[in-house]
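Laboratory data are not the source of any read-out in this text; all were calculated from the coordinates shown. Note that the structure is predicted; figures quoted are calculated from it, not measured. No Cβ is skipped: glycine too gets one built from the backbone with ideal geometry, and neighbour counts run over all protein chains shown.
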Amino acid sequence: MPAISMKVNGQAVCGEVEGRTLLVEFLRDKLGLTGTHVGCDTSQCGACVVHVDGKAVKSCTALAIACADADVVTIEGLAKNGKLHPMQEAFREHHGLQCGFCTPGMIMAAVDMVKRLGKKLDEDTIRHELEGNICRCTGYHNIVAAVKAGAASM
Amino acid sequence: MENFNYVRPAKVADAVKAMKKAKDGKYLAGGHTLLPTLKQGLAAPTDIVDLSGLKNAGVKVGAKSVTIGAGTTHAEVAGSKDLRKAIPGLAKLAGGIGDPHVRHRGTIGGSLANNDPAADYPAAALGLGATIHTSDRKIPAEKYFTGMFSTALKGSEIVTAVEFPVPKKSGYAKFPNPASLYAMVGVFVAQLADGSVRVAVTGAGPGVFRAPELEAALAKNFSAKALDGIAVKAKGLNSDMHASAEYRAHLITVMAKRAVEAAK
Ligand SMILES: Cc1cc2nc3c(=O)[nH]c(=O)nc-3n(C[C@H](O)[C@H](O)[C@H](O)COP(=O)(O)OP(=O)(O)OC[C@H]3O[C@@H](n4cnc5c(N)ncnc54)[C@H](O)[C@@H]3O)c2cc1C
Ligand code: FES
Ligand code: FES
């Protein structure tokens, strides 16, 4: 089996993978970073979103081996020194979750959104930008409110 | 998903060689069609030849044409400032493919090689009369799209770039399937440098096609009003749980009007 290395949440990691090993499998099964979720088999739900070289991607739809040497950030990499990231804090504050399954992907997508579009986001933009993230619980209302507030405080 | 050998060559010639050597090989670009297909067990290649090592992403805008490397992501196409000036309809189309995460990985080469009947890029390629550059030759869009999920590509041939002529005006409008985000109907309109008008339709039929009745009306008068009362025939269009052929036919004229209104 080929061995790969990459940077995950600022730390150098390495491990053996098969060709077919998905990035999300590498993160969850090899590295034990189970904050990244798998919610579908069709690349549609966004529960698995992580940042690869600074861009939000669905880690269920990328081969680990193709991400060798990449710089990966997962939900576990957002909090610093025991303090939640402003976007995480905003989801807590605004009840942007119920079961929480979609939340890691939502937050990684939201942080990426702010990086690309800035801190001032209107509701239409947020809803449109979240097309790749599905939530079965909340009806999105509080997620949108959380993203708006989190963006402003980033 | 079955396991496979994985290689990531740095040169087109090496990628072709690797594909020729493979028992049942598949090229991988952004993986946003191929990996879901493998996960569902619809294909089980013995070898994956990853084209990302070719590093051929990039949008080059010239006076008469724009050349986009096959490995350019949808987000890179949508984000190109030069392209937004030269072919606004194409930049807008790329920005409306799937969702932000899909656009960060999916590529123009992968989309054109796949030729999904509901994909967006085929409409721009046929609507502008693009030329597909491959490892072996240059193929005009007219000859490239040969039906549902089918193209003129042969065996181990690789799409390397796509060249689009710079039109006077271009616009794209799509009615997305709200679940998949693919086009239920998407219409690309272009008024080319020589004044001729082309209209290409995706999502509505078994493959991308031109709409001569709309082209004729727009050639006389390039305005949404010129399409009033012009109906496209439903015969041969897709009918499924999302929309009947009649509804799709109706949507073609509606989307064509919106594309003309949006054309810049
Ligand atoms: C949730 C979701 C929503 C989507 N929504 C849309 C949408 O709204 N509109 C739309 O158009 N598409 C949509 N797509 C598809 C997306 O645009 C894909 O990225 C695209 O169809 C394939 O490009 P890829 O780079 O991912 O190719 P891959 O999946 O890597 O490859 C696709 C096929 O092309 C072959 N191939 C790839 N590159 C080359 C090449 N250079 N030369 C020869 N063969 C090659 C591969 O062998 C494979 O058979 C969506 C996908 C997902 C997962
Ligand atoms: S698990 Fe990746 S999109 Fe659903
Ligand atoms: S909070 Fe349960 S899926 Fe979103």
Contacts under 6 angstrom Cβ, first residue in the stretch A:50-79 being within 10 Å of chain B (Cβ to nearest Cβ) and on the phi > 0 side of the Ramachandran plot, partner surrounded by fewer than 24 Cβ atoms within 10 Å (Cβ to Cβ) and outside any helix (DSSP H, G or I), 6 or more apart: A:53/A:70; A:53/A:71
Selection from the stretch B:208-231 of residues that are part of a loop (DSSP other than H, G, I, E, B), surrounded by fewer than 19 Cβ atoms within 10 Å (Cβ to Cβ) and touching a strand residue (DSSP E or B) at 6+ places or on another chain (Cβ under 6 Å): B:222
Residue in the stretch A:8-17 that is touching a strand residue (DSSP E or B) at 6+ places or on another chain (Cβ under 7 Å), of a type in the set (Val, Ile, Thr) and either within 14 Å of ligand 2 (Cβ to nearest atom) or more than 10 Å from chain B (Cβ to nearest Cβ) (or both) present: yes
Filtered residues of the stretch A:99-150 (kept if away from chain B (no Cβ under 14 Å), more than 18 Å from residue A:59 (Cα to Cα) and touching a Gly at 6+ places or on another chain (Cβ under 8 Å)): A:138, A:142, A:143, A:145, A:146
Filter result for residue A:42 (within 16 Å of ligand 2 (Cβ to nearest atom), within 14 Å of chain B (Cβ to nearest Cβ) and surrounded by 15 or more Cβ atoms within 10 Å (Cβ to Cβ)): no
Pairs, first in contact (Cβ under 8 Å) with a residue 40 or more places away in the chain in the stretch B:142-163, second of a type in the set (Phe, Trp, Tyr) and surrounded by 20 or more Cβ atoms within 10 Å (Cβ to Cβ), C-beta under 7 Å, six or more apart: B:158/B:27
Filter result (over 12 Å from the mean Cα position of the chain (by Cα), closer than 24 Å to residue A:131 by Cβ and not in a loop (DSSP other than H, G, I, E, B)) within the stretch A:66-90: A:67, A:86, A:90
2 or more residues away from every other protein chain (no Cβ under 14 Å): qualifying strands (runs of 3 or more DSSP E) within the stretch B:1-104: B:59-61, B:65-69
Residue under evaluation residue A:63, criteria (1) among the hydrophobic types (A, V, I, L, M, F, W, C); (2) more than 21 Å from residue A:144 (Cα to Cα); (3) under 16 Å from the mean Cα position of the chain (by Cα), criterion not met: (3)
Matching residues, the stretch A:102-140, being within 12 Å of ligand 3 (Cβ to nearest atom) and surrounded by fewer than 17 Cβ atoms within 10 Å (Cβ to Cβ): A:136, A:137, A:139
Test: residue in the stretch B:176-191 that is touching a Lys or Arg at 6+ places or on another chain (Cβ under 6 Å), in a strand (DSSP E or B), closer than 25 Å to residue A:42 by Cβ and β-branched (Val, Ile, Thr): yes
Any hit, the stretch A:117-124, residues being touching a Leu at 6+ places or on another chain (Cβ under 7 Å) and assigned to a helix (DSSP H, G or I): no
